[in-house]
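A short worksheet on the structure shown next.
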Amino acid sequence: MHWHILGAGAIGGLFAARLGLAGIDVSLLLRSPQRREQLKQQANRLSLQDGDRVEEVPVSAELIDDQGPISHLLVTTKAYDSAAAMESIASRLQPGAQILLLQNGYGHQQQIAQTFANWPLWAGITTSGVRRLAPFQLKLAGEGETRIGPLNQAAALCGALPDGWHRLKHRVIATDIERALWQKLAINAAINPLTALLDRPNGDLLEAQYRPQLTALCQEIEAVASACGQSLFDNPLLDQVLKIAEDTAENRSSMLEDFSAGRRTEIDQITGFICAEADRHGLETPVNRELLNAVVYRQGRA
Ligand code: PAF
């Protein structure tokens, strides 16, 4: 078994390290020779800091344009990049290659499921938090857990989890992935745009001044989920969001990190998706719409 990882950012690096620590061969698919050189300068090791402990995990690297078959593919690119990134390596996928999508956002998974209908395809969500300290040097900000479920029949026939994932020294749970994707979408839609626009860590959302906006935001998201036939959590979304903001109080959300680094955000796949579904069902979502417009404006795309 050999996992290739498409999207060697913080989450891709974290799971490359976790697979490597479980004794599984891992190759990062890198976009440029410069990135490969950076990894070489670190003796082809990923460094993962967890509290006082630092693990050095050997990994190999290939360029996306290289040839050579891929039997197991983990996709951790940004959601908006994933369909194009997968097209770029499609010719390397062996028949029956296992594919796992581990990303924020909703909608792109279904698009990929259509294009790659002949391959066993799983999707997952993770609550692990990780920060990039330097190229290929990561710091674990929260162990979290990872939920995975089959997206198509071909995957369901292979098993609840793709090859090797039960061996990770990390909580990996086989799940009803549709519900899990909606749950993660709802949490991200509540936390990410607000923290990005405020330039504040997740825990600051607990302050009373943000409660009215957060409450309205959560109610809108719940209404959209319900119109789409999805029940989110057993308790109100607001309670869940406050708990996650507390558990990840020091974290800067991925959207805030993207903003700070001048990168494109996943707003279209998160709040954009919520607003599009609201439109489809004739629902008003003014708070989500305002956040969507503000983030798009700040990205310079308005
Ligand atoms: O996108 C993120 O940053 C994370 O999914 C979450 C849960 C909001 C924690 O920061």
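The values are calculated or read from the model by the stated rules, or taken from the named source; none is laboratory data. Everything numeric in this text was worked out from a predicted model, so none of it was measured. Glycine also receives a Cβ, built like all others from the backbone with ideal geometry; neighbour counts cover every protein chain displayed.
Hey, among the residues in segment 243-256 that are of a type in the set (D, E, K, R) and touching a residue at least 24 places away in the same chain (Cβ under 8 Å), which one's farthest from the ligand (Cβ to nearest atom)?
Applying the filter and picking the extreme gives GLU246.
Looking only at residues that are within 16 Å of the ligand (Cβ to nearest atom) and acidic (Asp, Glu) in segment 187-242, which one is surrounded by the most Cβ atoms within 10 Å (Cβ to Cβ)?
ASP204
Filter segment 111-126 down to the residues that are away from the ligand (no atom under 16 Å from the Cβ) and in contact (Cβ under 8 Å) with a residue 40 or more places away in the chain and list them by number.
The answer is PRO120, TRP122.
Go through segment 129-151 and give me each residue that's crowded, with 20+ Cβ neighbours inside 10 Å, away from the ligand (no atom under 16 Å from the Cβ) and within 27 Å of GLN41 (Cα to Cα).
Result: PHE136, single match.
Test GLN110 against the criterion of being under 24 Å from ARG147 (Cβ atoms), modelled with pLDDT under 95 and surrounded by fewer than 21 Cβ atoms within 10 Å (Cβ to Cβ), and give yes or no.
yes
Quick test for you: out of LEU93, LEU28, LEU21, pick the one residue that is closer than 18 Å to HIS166 by Cα, in the same structural domain as ASN152 (by TED's automatic domain parsing) and out of contact with any His (no Cβ under 6 Å at 6 or more places or on another chain). So that I can check it myself, show each step before the final result.
Details: LEU93 fails: closer than 18 Å to HIS166 by Cα; LEU28 fails: closer than 18 Å to HIS166 by Cα.
LEU21 is the lone residue from the list that is closer than 18 Å to HIS166 by Cα, in the same structural domain as ASN152 (by TED's automatic domain parsing) and out of contact with any His (no Cβ under 6 Å at 6 or more places or on another chain).
Kindly indicate whether any position in segment 87-96 is in contact with a helix residue (DSSP H, G or I) (Cβ under 7 Å, 6 or more places away or on another chain), on the phi < 0 side of the Ramachandran plot and not β-branched (Val, Ile, Thr).
No; the residues of segment 87-96 include none that is in contact with a helix residue (DSSP H, G or I) (Cβ under 7 Å, 6 or more places away or on another chain), on the phi < 0 side of the Ramachandran plot and not β-branched (Val, Ile, Thr).
Looking at LEU197, LEU242 in this structure, which one is at pLDDT 95 or above, within 13 Å of ILE187 (Cβ to Cβ) and assigned by TED's automatic domain parsing to the domain that holds GLY282?
The conditions single out LEU242.
Specify the residue that is farthest from the chain's Cα centre (by Cα); the eligible residues are those in segment 46-84 that are part of a helix (DSSP H, G or I) and touching a residue at least 24 places away in the same chain (Cβ under 8 Å).
Pass one, segment 46-84, residues part of a helix (DSSP H, G or I): 79-84.
So of that shortlist, the ones also touching a residue at least 24 places away in the same chain (Cβ under 8 Å) come out as 79-83.
Numbers: ALA79: 8, TYR80: 11, ASP81: 12, SER82: 11, ALA83: 14 Å.
For segment 46-84, the residue satisfying everything is ALA83.
Taking segment 95-149, which residues are closer than 30 Å to VAL54 by Cβ and part of a loop (DSSP other than H, G, I, E, B)?
Within segment 95-149, GLN103, ASN104, THR127, SER128, PRO135, PHE136, GLU143, GLY144, GLU145 qualify.
Would you say THR127 is more than 19 Å from GLN230 (Cα to Cα), of a type outside the set (D, E, K, R) and at pLDDT below 95?
Yes: the conditions hold for THR127.
Is it the case that some residue within segment 266-278 is free of Cβ contacts under 8 Å to residues at least 40 places away in the same chain, under 20 Å from LYS184 (Cβ atoms), more than 16 Å from the ligand (Cβ to nearest atom) and not assigned by TED's automatic domain parsing to the domain that holds GLN109?
yes
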